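Engineer: I'd like to ask you about the structure that follows.
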Amino acid sequence: MKIRLRCLPGYAGHVPEPVLARRSLPEWLRTMPPSAESTVLGAQVRTVKQCLPFVEAMQTGLIFRLAADLTLKDGTFSWNSGLPVHPVARLSRAPIGVHVPEQATGAPFADPHHFIVKFTNHWTVSLPDGFGLLVGHPYNREDLPFRTLWGVVERFDDGFVHFPALWTDHAVNVTVPRGTPVAQAVPIPLEPLDLDIAEMDDGELARHIDLEDRIQSEPGHYRRTRRG
């Protein structure tokens, strides 16, 4: 699948390009150990670094990145994007905007102690017909000082869709570097779902038991046999 992304004329090289998620894995995932001693079990256990679904979620789709160093000091955001003024386009040069608190009225995440911000997206996105884009917080990135909200966009070939987020870090002073992942986007088919729900038949149960046994007895079995 090819995804077409475009920025304003004159902005190439000034705003970080979106990247494939597999090229934007965090340093903590690279450096964490593959196994660790469990005090509960008294044995070595595999960490999430060896959990293929955990890692593949982080490698799926593409990542949109922060356009400039962003500093929060004493409740005030500041930045220096260095973006040129475009003579025609109306897109903000700021890497971040805000939502007024009332826009979250009644939502469970409404919190007077959290800023509701909006990360500026400098890229239009064109997808093949029949696909939309599921966009939200980068998967498993609990280390980020914000929580990007999730949404589905069906078409935004010619416009910029920005990314609302809750600012969850209560530190008084924090700087988020340019290029930090602010949203992960995954193409999804827009066709309606149909559910087929029933108990396992004998054959399905036998295959299930066989798979469970192999996963337990053969390290790496899932990785070797279940990847597309």
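The values are calculated or read from the model by the stated rules, or taken from the named source; none is laboratory data. No experiment lies behind these values; they were computed from the predicted model shown. FYI the Cβ positions are ideal-geometry reconstructions off the backbone, even for glycines, and counts take in every protein chain you see. Heavy atoms of the whole protein, side chains included, go into the accessibility calculation; ligands, DNA and RNA do not. Shrake-Rupley method; radii C 1.70, N 1.55, O 1.52, S 1.80 Å.
Engineer: Need one word for the stretch 144-216: rounded, prolate or oblate. Basis is the Cα gyration tensor (sqrt eigenvalues a ≥ b ≥ c); a/c below 1.5 gives rounded, then a/b vs b/c decides. The partial results should precede the final answer.
Structural biologist: Details: a/c = 3.55, a/b = 1.80, b/c = 1.97.
It comes out oblate by the Cα gyration axes.
Engineer: Relative to the longest principal axis of the C-alpha atoms of the chain, give the angle of the C-alpha long axis of helix 202-217, reported between 0 and 90° and rounded to the nearest 10°.
Structural biologist: 80 degrees
Engineer: Find the relative contact order for the chain and round it to a whole percent, using C-alpha pairs within less than 8 Å whose residues are 6+ positions apart. Show your work: numbers first, answer last.
Structural biologist: Values: 352 pairs, mean separation 53.3, N = 228.
Contact order relative to length: 23 percent.
Engineer: Moving on. Counting only protein heavy atoms, what percent of the accessible surface of the chain is carbon or sulfur at a 1.4 Å probe?
Structural biologist: Details: 7750 of 14420 Å².
The nonpolar share, carbon plus sulfur, comes to 54 percent.
Engineer: Can you find, among 24, 12, 1, the residue sitting farthest towards the positive end of the charge dipole of the chain, where Lys and Arg contribute +1 and Asp and Glu -1 at Cβ?
Structural biologist: 12
Engineer: Once Lys and Arg get +1 and Asp and Glu get -1 on their Cβ, which of 81, 144, 172 lies farthest toward the positive end of the dipole of the chain?
Structural biologist: The Cα lying farthest towards the positive end belongs to 81.
Engineer: Considering all alpha-carbon pairs of the stretch 1-86, what whole percent are spaced by more than 18 angstrom? Mind showing how you got there, number by number?
Structural biologist: Working: 2369 of 3655 pairs.
Summing the P(r) of the stretch 1-86 above 18 Å gives 65 percent of all pairs.
Engineer: Accessible area per residue of the chain at 1.4 Å probe, in Å²?
Structural biologist: Values: 14420 Å² over 228 residues.
Using a 1.4 Å probe on heavy atoms only, each residue of the chain averages 63 Å².
Engineer: How much accessible surface does residue 7 have with a 1.4 Å probe, in Å² rounded to 10?
Structural biologist: Its accessible surface works out to 30 Å², give or take rounding.
Engineer: Is the shape of the stretch 61-183 rounded, prolate or oblate, going by the alpha carbon gyration tensor and its root eigenvalues a ≥ b ≥ c, with a/c under 1.5 for rounded and a/b larger than b/c for prolate? Show your work: numbers first, answer last.
Structural biologist: On the way: a/c = 1.65, a/b = 1.22, b/c = 1.35.
Oblate is the answer for the stretch 61-183, as a/c is 1.5 or above yet b/c matches or exceeds a/b.
Engineer: Of 134, 190, 70, which is the most mobile in a GNM of the chain whose springs link Cα atoms less than 10 angstrom apart?
Structural biologist: Among 134, 190, 70, the largest mean-square fluctuation in the Gaussian network model of the chain belongs to 190.
Engineer: If R0 is 22 Å, what FRET efficiency do you get for residue 23 and residue 152 from their C-beta distance, rounded to 0.05? Intermediate results must be reported in sequence, preceding the final value.
Structural biologist: On the way: r = 24 Å, r/R0 = 1.09.
Once rounded, the FRET efficiency stands at 0.40.
Engineer: Wrap a convex hull around the Cα atoms of the chain, take a quarter of its surface area, and give that in square nanometres.
Structural biologist: Working: hull surface 71.0 nm².
So the Cα hull casts an average projection of 17.7 nm².
Engineer: Alpha carbon centre of the stretch 19-48 versus the stretch 136-192: separation in Å?
Structural biologist: Between the Cα centres of the stretch 19-48 and the stretch 136-192 lies a distance of 23 Å.
Engineer: Would you mind telling me the antiparallel percentage of the DSSP bridges in the stretch 1-130, rounded to 5? Please report the intermediate quantities before stating the final value.
Structural biologist: Details: 16 of 17 bridges.
Roughly 95 percent of the DSSP beta bridges within the stretch 1-130 come out antiparallel.
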